[in-house]
Each structure stands twice: as C-alpha cells, then as structure tokens.
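To start, the structure itself, in structure tokens.
The values are calculated or read from the model by the stated rules, or taken from the named source; none is laboratory data. In this text, all values refer to a predicted model and were calculated from it rather than measured experimentally. A quick note on method: Cβ atoms are made from the backbone with ideal geometry, for glycine too, and the neighbour counts reach across all protein chains shown. Remember, those area values only see protein heavy atoms, side chains included, never the ligands or the DNA or RNA. Shrake-Rupley method; radii C 1.70, N 1.55, O 1.52, S 1.80 Å.
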Amino acid sequence: MTEIIMSQTPPILHRPSEKERKYDRQLRLWAASGQAALESANILLVNSGAGTVGAETLKNLVLPGIGRFAIYDETQVSEADLGVNFFLDEASLGKSRSKSLTELILELNPDVQGTWYPNEELKTLDSLLAASPVFTIILYTHPISPEQLASLEAYGQKHKTPLVAIHSAGFYSYFQVNLRGAFPIVDTHPDETATTDLRLLGPWPELVSFADELTKDIDGLDNFEHGHLPYVVILLHYLKEWKVAHDGKYPATFKEKTELRKIVQAAARTNNPEGGEENFEEAAAAVVKTVVVPSLPSGLKEVFEYEHTDPVEQRSGFWLIADAVKQFYEKHQCLPLPGKLPDMKAESKVYIQLQSIYKAKARKDAAEVLQIAQAAPGGDLIDPAEVDLFCKNAAFVKLINATSGAATAVKISKADRLKSAADREFAADETAALSLSPFSLLPIYLALQATAHVGESSASSFDADSILASIAAQVPGAEKQERVIQAAQEVARAQGGELHNVAALMGGIVAQETIKIVTKQYIPADNTCVYDGIGGRVQVLRL
Amino acid sequence: MATTEVFPASEPARWLYLDRIRTRPGPFTDPEIFSGQAVAEAMEAMKVLVIGAGGLGCELLKNLALSGFKDIHVIDMDTIDISNLNRQFLFRQADVGHSKAEVAARFVEKRVKGVKITPHNCRIQDFDEDFYMQFQLVVCGLDSIEARRWINATLVNMVDEEVPDSYKPLIDGGTEGFKGQARVIFPTVTSCIECQLDMHAPRAAVPLCTLASIPRQPEHCIEWAHVIAWDQDKPFPELDKDDPEHITWLFQRALERAKEFNIPGVTYSLTQGVVKNIIPAIAATNSVIAAACCNEAVKIASNCAPFLGLPEENYMMYSGNDSVYTYTFKHEKKDDCPVCGQLARDLTVDPSWTLGELVESFAARPEAQLKKPSLRAEGKTLYMQSPASLEEKTRPNLDKKLVDLGLEEGQEIGVTDPAFATVVFKFKLKFTKQ
Ligand SMILES: [Zn+2]
C-alpha cells in the first residue's frame, strides 16, 4: 500500500577513509557538513596579555581540523609564559610568541595551515587586516589596546565577521561574542526526546485509513496482532472513539488526557501469557506528550516576526525558506511535518509502512514549502536540501541575537545595557539566598572588564581600589556591593596573570562556541559567558 | 589584599602567575587552613595519580604539570589509535600503536621542564592498596564506569579513621559530545561514585525478541548481527571490535537483514558505533572538564580558595549544546550506598522470579549495574560465578523460584562481582505484589 524507498546506495565496499577514521568521534556530532564548514574556516587570534587562553582555544580548533589560522601577538616569550602556556618551550624564550605558538600548535594537526604576525612584511594589526583574505571569525584576548580593539571592531562591522573577546585572570574568566546582526541556526540538535511530532490530533487521510484498517476489528484481533499494534495506531483509534463520545471534540485538558490514558490502559489485554501488553503501556505513557495541539514554538515565532533591516540578508536562503514556512503555517495552521517516527513495539512490516506514511507526508510538506520559496524573488537558487533540513527542524529553529537587527527596536547603548543588566542582577541577588539560587557572576565581569586594557607593566592599575573606581564610572553604585568588592580583590590578586586551568577551561568553552558559530550547528551562547573558578560554575548574561 | 606577600616557588620567574594566587590569600580564602609560605614547596612534593591517558588524561597531565605539581603518575593500558588524534593532543600519527601512558608521559616531561611523570602501561586492578597509598590526590579521566567504580571502592576501603593520610581525595571527570561533568569525592565523608551511580543509568537493552523476529531500526539489525549472527557463524575465533574486517562482516550481515525487512539506515559508521558503543568526543569538551578537575586539585592542594567537595557543592554538570550551562550542586551521600554506606539497599523483586531472572536483572538496574553477580543470603550460597566447580554446583538454583529457595521479604542478600573484588553489595529484598 505504501511505497518503500531504500535511500541508501549499497555501501558494501565503503570502509571509512583515513580522514574519516581520524575525525570519527567528532563527525558523530556535526557530520560531514559541519566538518566541511570547519575546514573552510579562517580564524584570526589576536593574542595578548598572558596569552594562554588564546593558545588553548586554538589548540581545540586545530585538533578537529579548522582550515587555517593566523596569530597576531606582539610579545616576546618570557619565563612566566613557560609556567602557564603549554605551546611554548625553553627554545622559545626571548623569541616572537606568535611564531613559537604557531609552530607548536601546528604540530597538532598536519591538515591545518597557520601563519604568524607581525612578521617582516606585515608589521601591524592594521596592515594584517588590510592584506588578509576575509576571516571567518576573530578571537582576541584581553588586555588589548583601545586602538587595536577599534581596528577589529571596524573590520568586524565591514565584513560582518563575528568577534569574540576573551579575558582570563586568576580564577576568573569570561568571553563575549558579537555576532554582527541576527544569527539564525537551523541544525540546533535538540534532544531526541523533544522532537517527536506525531500529529495525532490532525491526522491526514493516509494515516487515518492506515490506522482504521488495522483497528476496524480491534477486539477480533488475535493476541499477537493486538499486542503488536503500534502505539500511534492505538492512540488514533481511541481518539476517534473519544471524539464520537464527546461531540467531535478531542481531549484538551490534563484531566481529559488522564481519562484517555485510563481508557487506553483498560483496553490492554491481561488474559494473555504475558499478563499485559507492552504496546498499550507505550500508548498510555505517550498520551500526555503526544496528544497535543501543535503550537508555534517561541524560537520560530521570533523568526517569523523578525523585521529585516538589511535587504541582502533578506534574500538569503534561510530567510526565503523561513518566509515560505511562515506562509505554509498561515495556510495550514501547522508546521511542515518533520516525519520522524520514534521506535515503538510493532511488527517490522507494519512499522515500516507507518514510517513511510510519515516520511511521505514530510516530503509532500517540504515540496510545498520549496514551491512557495521558489516563487519568491531570488528563490530559483534555493537548495532543496536546505528546505528539507529546515522543515525537519522547523520547531527548533533558533535566532540568536534576534533583537539586534530589528528596525523598530530602540537602539540602546552598550553602556546603558550594562547598567540595566546590573540593576536586574543585583536585584536578583537580594533574593538569591531565599530562593536558593546562586549569586550573579556579573561582579566578575565588571571587575575583569575594568582591567581590559591594562597591561602587566602597569601594576598599580591592578589594585582593588583602581578596579572599583573604574567600575563606579561605568555602573555607579556597583562599587559598594560586597560581591563586587570581593571580585575586585580577587582580580587584583591575579594582577593580570593567568592560571593554566582557568585558561584551559575558557579555551574549551570558546572553542565550542567557535565551532557552533562556524558550523551553524547547536546553539551559541548569547552573548556573554562568565566563569567563576572558585564556585565552579558559569553564567550566561546578555549584555 | 593584593599587597600581601608572594612566596615564590623554586623557579620564581616561571611560576609568577601561579604563585600570586596560591601563596597569598584572596577574599574567599579561609585563613584558618591557609598558609601561603609553604604552599609551593608542598605542592612540588605531592604525588598525584592520573588514571587514564586518553582524551581527558592528556589534558589532565598537561594541566597538572602547569599547576605546580612535579611528581605525577599515570595509568593507562591502551595503545594509541588513529581515532584518538582529533583530541588526544600529546599523540601524533607516528605514535599509533604505542602505549598511551608512555607517550603522554614522555611528551609532557619534555615540554614542561622539571616535572617527573611515571607511566604505568597496565590496568588499575593490577595495583594493590600499597600502591595507591603513596598518592595525595587521584584524578580520573576514564571512559568506563566499571573502572571508576573500582577505584572509588578501593579508595573508600583504604580509609582508616586513625590515619589522616589514608583519605585520598578523588576528582573525576567525564564527557560526552558537548557535555560533561566534574566531581570531587572525599572518600567516606562525601557522596561517592557508587552513591551517584544512578546519575549514569545504562542504556536500555533492546529485547531479544525484537532483534530475533521484529527488527524496526537499523540498530536492531546491527545488534542482530552482533549478538545472534556472529554466534551462529563464528566467522573469526573471537570478535575484535577494533578489527575493520570483523566490523565489515557485522556490517554486511546487518545490511542483509535490513534489506530483508526494508529498514533504511545501516552504515559502516553506525555499525561501528553500536558495536563499540562509541561516545562522541571532542578536544574542546575534554579541555573544559579536565581543567575543571585540575582547578579543584590546585585549590585542594593549596587551600588558596574554596574547592568543590566540602562542605556543599561536590558535582558540576556542564553542557555546551544549547548556550553554555553548568549546574553545580551537592550530591548527598547515601546511607544505603553499598560502598560507603552502612545500610542494605532496597531491592524490589517479583517473588515469582527464578534466581536466574534475579541474577540477570542486576546488569540493567541503575542502582546496581553488576554484570557477573554472585549471590549469598545469610550463610547460604545461592549462586557463584566462579570457581567453575562452585558455579556448576550452584547452577541448578538458577531455575528455582526465589520463594522456593526460602528467600523472604526483608531478607538481606550479599552480592559480589569480579569487577569489584573487595566489595560486598548488600541488598534487602522487597517483594512486589504476591
Ligand atoms: Zn557511596
């Protein structure tokens, strides 16, 4: 009755290549598409300060095979570097830190290319930025000079290159990412359990007739058949009966769903040798989660309501497809079917038929979305595979940094955002002890940020009073908060020096974020992440 | 506070940053237990054991060497495989096939001057308590829950209340994909790995009848090839999961079965993943978790800041899938923990079960996870896995029902397993509806 499509070409002779074997453990996370994105990425690290957090980040990107990197670092290797940075050795002492780092980091992966600056030809950051091919993403570590920061900001603005600031000193660290406008992600990798979408309250004709056929004589089925009805079919059957008994209405409230669950439980046969039926247990357990009216998830709602400010952006594949999905949603009052059927107790043949019904409907929905998208200006270039991916993940599509591009949003200055974040966080701290929630880590950000442009040489700027004075200038009143004072004292203790472990931890987190941004998979943090190495935890703040 | 004196290590210029933090107090340092003066020297004299020289282990060795520890041992029985190179950064293509412990130790010793790393290319079970007694700290980066439970049980058993040195803090890390956890255990004082076992429930096994007669997923076809077809055909004397020929054989049989049932999705990579139970792993996550572990090691060794473990939080969960998230909390010690608790743990069983069914159930129970259990009940041997003569003698009991063996509600049974030589897991029977 249903077509069976064997999509796989016989891969009999396909054993993994050397490269697939080397990258096996990560291909299971981001697949060949993610790997290809990594391999075509070109990363710039502007390294300064103690410089370990930058090196550790790069290590974690070179190992999985980032395409190429460049390090800009003006410092010479000192004795203190050797006590904190693993990618420098005795032979590097007194030499250019960027050269030594590049050489020892390149040893990690022969597939990766790396260059170091300043060198004979390109002596300044500005000349490097002017001469290089466009960077995919730029990472820089504090303390950085205000002039260099301005150059990087201008470059990021011009090329729409994401910038990541990283700061690590003593037990404290943070990173802050500037994604340059709204950043949509389709392949968000939600938890498997969250993705089940069976449309039990909106079955289409093929599904209805399949279920009816199997259950038309449900009481006459023998024990084997009855015990192997897929739970989807069981639920469709009892939902139909429910509707007949309830004026054509489906169960809506929790109480009604509990009632339905009891009906399903009672319908299980217990006079069989097993004394019960696993498939009916599965059906009962699935009632509350799967008997639901489809609603528009908040992430996708944000996509639908997004106001464009950039006409070029608006004509990109993502936005054309998003618009087509929106039209599909407005017409059908539901999203395109993802088409994935979870495993459930059933006979092989019946399960495969049911699976094909879901897949066929998903293909039909995706084809409709493709048609809508192609009809839009510029839509002829749409990649059908991109449409398929969007339709499969529609409920989990996410827009990072969504507010940044909105035309109507009032532009708030960075300084004001910080002040309002401080108000919010300090207010929450007032009740933190009562609500058993941990204290805000914003004080750590404030204290570190107060030293964002202070080099190791200017030791006096590292005393707690100078740090507090600098905080007071940004967020008046904050300098009187006990936790801010403690954070300032802790930052003063480090005097800009790094602890290897804290740098390595932040290097791991920033590498994860970079991978997520480059592959456009999983969900990047938005937009600041603070680590407290004393309490052993992180907090993400939108600043 | 920042004006407090720094007490430099033996190479003051090199350990400049570390000495600032570990030898002078900060706002959160407890002055009662902190003395900056002796810290650097004390850390240099400490012996630290690293278990595992894989993804986490490589990071742990690097981190500890750059944390002021100078006498480090590492145990790992594995050799280097090509699939390690995407994250185990102390290894190169030319090292494939060599001992992980030895190559890792050599690399870190060469890179970080003045650090001594002693490799042990063997199993943790090859050492006795005397060996473990020499260390002040144990840091684990393992992928096997069994090895974790073994070292945990060993360290808990070593505790002698009269001997302060017998308390060995255990710091344990684990990762999967973008997620991981770091935890600190003070044996007998805090919750231990056995107390926390249910945080790592085993994956539910697919029922044999599904594999044998009603496969629906590609995984079912692969498990069928692995569990059923292999035993029938015995294409090679013993299954070597690292031999591509063996995996290819399983893959082809799985593919044939998938064709027969029209099931899409069987690939070589999936076959390998299912058969070897491969857990995705990346450098970045190992970096996060290993660093979290070693950061605690530094704080415990120096008292320069509060550490996880005592008195409150002892467990940090980390996830990088959706934004960045940690949950740091206190996992409570369990009175009925078979390793560190005093009470027998409740074991819910159906009295109509046979002893064989009970024995089999131990593997899948989240609170037990014992694969080869031997059972005793108040002086009576119910079933012994070894020696062979005793196994044969007790085997007939497997077919008897629990009630027929005289077992009663509330009765205590003792369970041992070769994976945990010294531990007797105590359970109290709780019968379900009669
Ligand atoms: Zn315990």
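Worth a mention:
- Residues in region B:358-370 carry Karplus couplings, in order, of 5, 4, 5, 5, 5, 5, 8, 5, x, 7, 10, 6, 10 Hz; the curve used is 6.51 cos²θ - 1.76 cosθ + 1.60 with θ = phi - 60°, and Gly or Pro positions show x.
- Taken along the Cα-to-beta-carbon direction at a fixed 7 Å, the label points for A:Ser40 and B:Phe329 span 4.3 nm.
- Share of Cα-Cα pairs in region B:115-231 lying beyond 20 Å, as whole percent: 57
- Close amide H contacts of B:Gly174 (hydrogens built in the peptide plane, cut-off under 5 Å, sequence separation of 5 or more or a different chain): B:Gln181.
- Sum of side-chain charges, A:Gln265 neighbourhood, beta-carbon under 14 Å (Lys, Arg +1; Asp, Glu -1): -1
- The listed peptides B:295-301, A:28-34, B:246-252, ordered by packing as a protection proxy, come out as B:295-301, B:246-252, A:28-34 (highest mean of other Cβ atoms within 10 Å first).
- Probing with 1.4 Å while keeping every protein chain in the model, the per residue accessible area of chain A equals 43 Å².
- Each Lys or Arg adds one and each Asp or Glu subtracts one; over the other residues with Cβ under 12 Å from the Cβ of A:Lys95, this totals -3.
- Projected label distance in nm at B:Asp243 and A:Gln333, using a 7 Å step from Cα toward the beta-carbon: 6.2
- Among B:269-280, A:239-250, the order from most to least packed when residues are scored by Cβ within 10 Å on average: B:269-280, A:239-250
- Partners for A:Lys158 among aspartates and glutamates (Cα-Cα distance below 15 Å; same-chain residues under 8 apart left out): A:Asp126, A:Asp310, A:Glu313
- Exercise: per-residue mean of other protein chain Cβ atoms within 10 Å, A:490-497: 6
- Remark on B:Val74: its backbone amide H falls under 5 Å from those of B:Val50, B:Thr118, B:His120, a criterion applied only to residues 5 or more positions apart or on other chains, H modelled at 1.01 Å from N.
- Our analysis of region A:298-400 gives Rg over Rh at 1.05, with the two radii drawn from alpha carbon positions and Rh computed by the Kirkwood formula.
- Note that region A:262-270 has calculated 3J(HN,Hα) couplings of 5, 4, 5, 4, 5, 7, 5, 7, 10 Hz, one per residue in order, obtained from phi through the Karplus relation 6.51 cos²θ - 1.76 cosθ + 1.60 (θ = phi - 60°); glycine and proline are x.
- Annotation for B:Lys234 and A:Gln374: the two label points, set 7 Å from Cα along the Cα-Cβ direction, are 5.8 nm apart.
- Between B:Gly341, B:His246, B:Cys294, the Cα set farthest toward the positive side of the dipole of region B:236-346 (charges on each charged residue's Cβ, about the Cα centre) is that of B:Cys294.
- Local electrostatic count at A:Ile137 - Lys and Arg +1, Asp and Glu -1, tallied over other residues with Cβ under 15 Å: +3
- Calculated SAXS-style log₁₀ I(q)/I(0) at q = 0.13, 0.18, 0.23 Å⁻¹ - region B:208-276, Debye, Cα scatterers: -0.29, -0.57, -0.92
- Potential lengthening of the chain between B:Arg106 and B:Cys122 amounts to 4.1 nm, from the contour at 0.36 nm per residue minus the alpha-carbon distance.
- Of the residues A:Tyr238, B:Tyr327, B:Tyr167, the one with the largest accessible area comes first in the ranking B:Tyr327, B:Tyr167, A:Tyr238, computed with a 1.4 Å probe on protein heavy atoms.
- Packing around the peptides A:288-296, A:483-491, B:60-68, taken as the average count of other Cβ atoms within 10 Å per residue, puts them in this order, highest first: B:60-68, A:483-491, A:288-296.
- Exercise: per-residue mean of other protein chain Cβ atoms within 10 Å, B:294-304: 3
- Farthest toward positive dipole pole in chain B [+1 Lys/Arg, -1 Asp/Glu at C-beta], among B:Ser352, B:Met43, B:Tyr132: B:Met43
- Rounded to whole Hz, the Karplus (6.51, -1.76, 1.60) HN-Hα couplings of region A:101-113, x for glycine and proline: 4, 4, 5, 6, 6, 4, 4, 6, 7, x, 6, 9, 10
- Three principal axis extents describe the C-alpha atoms of region B:345-431; from largest down they are 30, 26, 23 Å.
- Each Lys and Arg contributes +1 and each Asp and Glu -1, all at the Cβ; summed about the Cα centre of region A:297-385, the dipole is approximately 640 debye.
- Tail fraction, Cα-Cα pairs, region B:289-434, threshold 21 Å, whole percent: 56
- Per residue, the Cα convex hull of chain B amounts to 182 Å³.
- Selection among B:Leu85, B:Ala201, B:Leu308 by position relative to the dipole of chain B gives B:Leu85 as farthest towards the positive end (Cβ unit charges, Cα centre).
- Inter-chain neighbour count for B:117-125: the average number of beta-carbon atoms from partner chains within 10 Å of each residue's beta-carbon is 0.
- Three-way shape label, the protein assembly as shown, alpha-carbon gyration tensor, a/c 1.5: oblate
- This model, with +1 at the C-beta of Lys and Arg and -1 at the C-beta of Asp and Glu, gives region B:336-434 a dipole about its Cα centre of some 100 debye.
- In terms of Cα atoms, the Rg and Dmax of region A:240-362 work out to 20.0, 67 Å.
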